[in-house]
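Heads up: the structure comes next, in structure tokens.
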Amino acid sequence: MAFSTSTHSFFNFKLSSKTAPPLHQPKKKPVTLLLNPRFAPPLLSSCNQCFRANSVTFSNPSTPRHGFSVGSQPDYSSGDDDAQSFIPEATQQEEFSWKSVILPSWNFSFVFPALGGLLFGYDIGATSGATLSLQSPELSGTAWFNLSAIQLGLVVSGSLYGALFGSLLVYPIADFLGRRRELITAAVLYLLGALITATAPGLSVLLVGRVLYGLGIGMAMHGAPLYIAETCPSQIRGTLISLKELFIVLGILLGYFVGSFEINAVGGWRYMYGISASVALLMGIGMWVLPPSPRWLLLRAAQGKGPVQEYKEKAIVALSKLRGRPPGDKVSERQIEETYVSLKSSYADQEAEGSLLEVFQGTSLKAFIIGGGLVLFQQITGQPSVLYYAGPILQTAGFSAASDATRVSVVIGLFKFLMTGVAVLKVDDLGRRPLLIVGVSGLALSLFLLSAYYKFLGGFPLIAVASLLLYVGCYQISFGPISWLMVSEIFPLRTRGKGISLAVLTNFASNAIVTFAFSPLKEALGADNLFILFGAIALLSLIFVVLIVPETKGLTLEEIESKLSK
């Protein structure tokens, strides 16, 4: 049975007319839940006037008035009638402090999950230098440096295939593990993979380490966006999840830098891979300290997966920590209780837990088409292949740094990092669709310009350089961060774990296909026609974005679910 929030959601929401058309028409005068500053924690008081979000209006006065939703905006409220404000269509946002979201005094509630993305990016960057070091007779420090093309391909893609298997593995167990334990497991796999790879006495052990590290990638790329999406305010959800993409690019850049420093050291590839172990250890310790997602805890309680009161108490403690309030405070206790009642009611006429195939039904199928389509186009528009030509293109333009592959990689990595920062700053202001439309249009234009360069504009190398930078920049403000952002917010709660797992699997599978098919296509078509093919795919992806992808800026996860169900 498809899960539809028109009948099954935390709350039946009515959006402010200033943000979106109403999702539900109330029959009675709506009751608007506003933030009461009497219950705002001290950490939030300093930014009371800095951020404002949409009020949440209950379509049924009998609905509990003090609901809690992590990632949604009805947060703190008073139970006193004289403290309630009954202003239909009002607009007011949860008061929060960036410090309480990112750097509370006792933890780094966003940074530790995002380290999973940094470690993924680091592997991409470090591998480019490690393969050069590993094959060098003078610098590899091994007797088995003379690798065949197949062996080298296995070293490079070992983490990718591990990530594919990790995506398959997490599909049936993600909701059992929970977001926090999944990320702890990913950190352990990262740590083991890095240590085994760095100390490998032979190729077979090295490949085992690469696959283990890849398993960590698969789990981290699934768990990190889930945890962040379910524990942050909706008005900055886009920014925080996009910051995970920024961490991926930062990891790539860090890998390039380490590779450039260690490229002349004997056994330098061991240092390149081994350094990631310290970051993995930090991630594991940090996730151990962080609380589980309160939304996941209440979902497990509603599904009858354990003692209800125990799950409620854990959710109260988790919410208090995430919002910077004293442990087990009365406000959190009341919010958790009322949210559980609402959530339990939404599951009253359904099975306790969705089936493996429910992702392909109703609202979940719509979400998978949107999310899966975005991560598919993210790969098949040629991102790995275009960067393959970065060195030759810069070299033809007379850039001396192009003679050194590791330094060229650093230049490209810096530009990717800069443009991802632009997306992070603007995604919650401009919205997802505008950035996607502008960015994908730029991708298509840059690909056709690159084709023209290889066909008849060879005498104008600056056109090639500009096209390359245009491609990288447009990718980083569109498919790069926004694909993962929308995947994390588009699926209904009931199938969110399984849906994101399938989207991650689609991403890594398409990545593997593009990587495998690039050389045969290049040989068969030539660079000029290959870029035309990628440009045509980019135009197809632009049509997909315009016709299929909805805008989710400013909406809570439940409001997005309700929007899709219609």
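The values are calculated or read from the model by the stated rules, or taken from the named source; none is laboratory data. All values derive from a computational prediction rather than experimental measurement. Ideal geometry is used to build each Cβ from the backbone, glycine not excepted, and the neighbour counts take in all protein chains shown. Ligands, DNA and RNA are stripped out before the accessible areas are found, and what is left, the full protein with its side chains, is counted by its heavy atoms. Shrake-Rupley method; radii C 1.70, N 1.55, O 1.52, S 1.80 Å.
Details
- The lone criterion from (1) among the charged types (D, E, K, R); (2) touching a residue at least 60 places away in the same chain (Cβ under 8 Å); (3) open to solvent by less than 60 Å² (accessible area, probe 1.4 Å) left unmet by Glu182 is number (2).
- Residue within the range 506-515 that is modelled with pLDDT of 90 or more, farther than 23 Å from Leu450 by Cβ and open to solvent by less than 10 Å² (accessible area, probe 1.4 Å) present: no
- Whichever residue in the range 259-291 is touching a Gly at 6+ places or on another chain (Cβ under 8 Å) and open to solvent by 20 Å² or more (accessible area, probe 1.4 Å) and, among such residues, is nearest to Met221 (Cα to Cα): Arg270
Residues are listed down the side, and each one gets a yes or a no for (1) at pLDDT below 65; (2) not hydroxyl-bearing (Ser, Thr, Tyr):
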site	(1), (2)
Asp349	yes, yes
Leu357	no, yes
Ser364	no, no
Ile370	no, yes
Leu374	no, yes
Gln378	no, yes
Val408	no, yes
Lys416	no, yes
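- Residue among Leu485, Leu468, Leu542 that is open to solvent by 10 Å² or more (accessible area, probe 1.4 Å) and aliphatic (A, V, I, L, M): Leu542
- Flag for Val289 being of a type in the set (Val, Ile, Thr) and without any contact (Cβ under 8 Å) to a residue 60 or more places away in the chain: no
- Subset of the range 189-238 [surrounded by fewer than 24 Cβ atoms within 10 Å (Cβ to Cβ), part of a helix (DSSP H, G or I) and among the hydroxyl-bearing types (Ser, Thr, Tyr)]: Ser204
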